[in-house]
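Engineer: Quick one: structure below, then a few questions.
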Amino acid sequence: LRGIEGVNKLRFFLSIWVLLGGVLLLSVSLAFAETIDSETGRDIFFKHCKACHGDKGDGKTFAANVLNPPPKDFTSEKSKQELTKKRMVLSVTEGRKGTAMMPWKSRFSIKEIQAVVSYIRKELMGHP
């Protein structure tokens, strides 16, 4: 009977180690994926969005002088309150009628659009 109990204890502890290892691996994978998304979002913003929205997302660019309405200032309190993630994803995907904001759905995947929106919200708007 002791032999069986010892084997069962060993199996139990091995199972716990495998489970903990899986959790650790999943955590590292998710952190790595978030870093990639953040970098992708930043790269897209600086390549395609900063001309209108500015390096800091405040809309203070040369383009703001000629666009009516001017580009969205992501740093304003009004924008921070009214721009939900859902609305921002929709705006990037479909564009905004009556503005210079063009649709990007033919250029970027939904994952890339979500990455740039996440970058803007976290780094420029200060949302978690």
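Engineer: Extension gain Lys85-Asn65, at 0.36 nm per residue separation less the Cα-Cα distance, in nm?
Structural biologist: 4.5 nm
Engineer: On a 24 Å Cα-Cα criterion, which of the cross-link pairs Lys78/Lys105; Lys60/Lys111; Lys56/Lys80 come out too long?
Structural biologist: Lys78/Lys105; Lys60/Lys111
Engineer: If Lys and Arg each add +1 and Asp and Glu each add -1, what is the summed charge of the other residues whose beta carbon sits under 14 Å from the beta carbon of Gly57?
Structural biologist: +4
Quick note: the coordinates plus some simple rules give every number you see, no bench work behind them. Because the structure is a prediction, the values reported are computed rather than measured. Cβ: placed from backbone, ideal geometry, glycine included. Neighbour counts: every protein chain shown.
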